[in-house]
Amino acid sequence: MRGDYERLFGQIDHLEPPDGLLDKIILRINTERRRRTIRFRIGLFGVLAVTAVAAFIPAWQELQSEMAGSGFSQFFSLIFSDTQVVLTYWREFILSLIESMPILGITVVLGLVLVFLASVKFLVRDFSAVFSRSQLIKTN
Amino acid sequence: MTQTTDEELIKKYLSGDEPAFRELTERYLKPIYNFVYRYTKSGDSAEDITQDVFVNVWKSIKKFDQDKKFKTWIFTIAKNTSLNWVKKKKPLLFSELSGSDKKNEKESYSFEDSLRDPAPLPDEVFANADLKNKLELAMSSLDNNYRAVLFLHYNDHFTFQEISEMLGKSINTIKSQHRRGIVLLKKVLTV
């Protein structure tokens with residue numbers, strides 16, 4: 001009996017999908033994939049930017065105390081108070097300055113600033129991509 | 001040369017072979033478009049919904065249980081997407097389409113349904129020159145539930161078990177709707 005009805009249903013015309021539908025689907029999937037990537041990137045860079053700002057405060061405080069402890073500030077202030085002496089013994093002065101420099105603290109602070117700036121740069125780029133796409137959809 | 005199975009294509013796609021998904025889409029484009037069209041009766045809407053179906057498939061393909069049949073899964077997505085569309089468009093019709101079968105499930109499987117399948121179609125039916133139009137008319141006069149079951153069984157070649165999984169109804173309800181649909185269809189065709 002099933003064969004009978006399958007034969008019967010075989011009489012019904014099957015519609016052909018509109019031309020270009022397959023390409024439209026693939027395009028939509030690619031758009032969706034891009035949107036998903038952008039969403040992920042916005043989340044990632046957002047978290048990075050916030051983390052960098054949050055970590056900057058203790059890192060800066062740490063750098064300040066390191067500078068005070070190592071005598072770097074005192075050496076540095078000689079440039080303004082005893083310029084003549086600094087110029088005479090500039091090699092020794094630079095060496096002392098480098099030795100007393102809190103390298104780790106400065107690296108951390110600069111690293112955090114760089115992470116923050118890079119995150120903001122990528123966030124702006126991703127947001128503008130989302131914004132221009134939504135504008136494009138609106139105008140279409 | 002044997003055709004790559006759906007499951008093989010999915011595995012290929014999941015392991016990074018992008019064109020495998022295109023091939024899968026190409027394979028199901030026509031059946032899904034026709035399936036969706038049966039719900040919407042509009043080419044434009046069918047096109048939009050078909051796009052949504054494949055985007056939804058792409059979104060959830062990682063969650064697809066590869067022990068199950070892909071065909072049943074994609075048609076289930078198509079059914080749900082179509083019903084969502086119908087629900088947004090015509091809330092009243094949705095209730096007809098989704099069927100309040102839970103309530104009537106027990107009573108719908110009556111004694112009549114336990115009888116053997118209806119007799120084959122008489123030859124005169126096939127001899128009718130206007131069979132195609134008559135069939136389309138007959139199908140459109142059927143209740144949505146019966147029509148869906150008949151189409152899925154005879155047109156899309158799903159088993160009752162698969163249709164029951166797809167529509168979320170018991171197999172007895174599906175068999176019952178199939179039987180009633182066949183009886184009504186035969187009645188209309190042999191008039």
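The values are calculated or read from the model by the stated rules, or taken from the named source; none is laboratory data. This one's a predicted model, so the numbers in the text were calculated from it and none came from an experiment. Virtual Cβ from ideal backbone geometry, glycine too; neighbours counted across all protein chains shown.
Within the span defined as segment A:48-64, every residue fails to be of a type in the set (D, E, K, R), under 42 Å from the mean Cα position of the chain (by Cα), closer than 30 Å to A:Ser128 by Cβ and part of a helix (DSSP H, G or I). Of all residues in segment B:5-24, those satisfying the criterion of being closer than 19 Å to B:His157 by Cα and surrounded by 13 or more Cβ atoms within 10 Å (Cβ to Cβ) are B:Asp6, B:Glu7, B:Leu24.
Mind listing whichever residues of segment A:53-87 are out of contact with any helix residue (DSSP H, G or I) (no Cβ under 7 Å at 6 or more places or on another chain), polar (S, T, N, Q) and surrounded by 11 or more Cβ atoms within 10 Å (Cβ to Cβ)? Correct list: A:Gln61, A:Gln64, A:Ser65, A:Gln74. Hey, could you check segment A:10-47 for residues that are under 12 Å from the mean Cα position of the chain (by Cα) and either within 8 Å of chain B (Cβ to nearest Cβ) or among the small types (Gly, Ala, Ser) (or both) and say which is nearest to B:Phe35 (Cα to Cα)? Here the residue is A:Gly43.
Quick check on A:Ile42: is it farther than 30 Å from B:Glu23 by Cα and touching a helix residue (DSSP H, G or I) at 6+ places or on another chain (Cβ under 6 Å)? Yes. Within segment B:40-52, the presence of at least one residue that is more than 11 Å from chain A (Cβ to nearest Cβ), closer than 15 Å to A:Leu21 by Cα, buried (at least 20 other Cβ atoms within 10 Å of the Cβ) and β-branched (Val, Ile, Thr) is confirmed. Name the residues in segment A:1-32 that are modelled with pLDDT of 90 or more and exposed (fewer than 13 other Cβ atoms within 10 Å of the Cβ), would you? Hits for segment A:1-32 are A:Glu16, A:Asp19, A:Gly20, A:Asp23, A:Leu27, A:Asn30.
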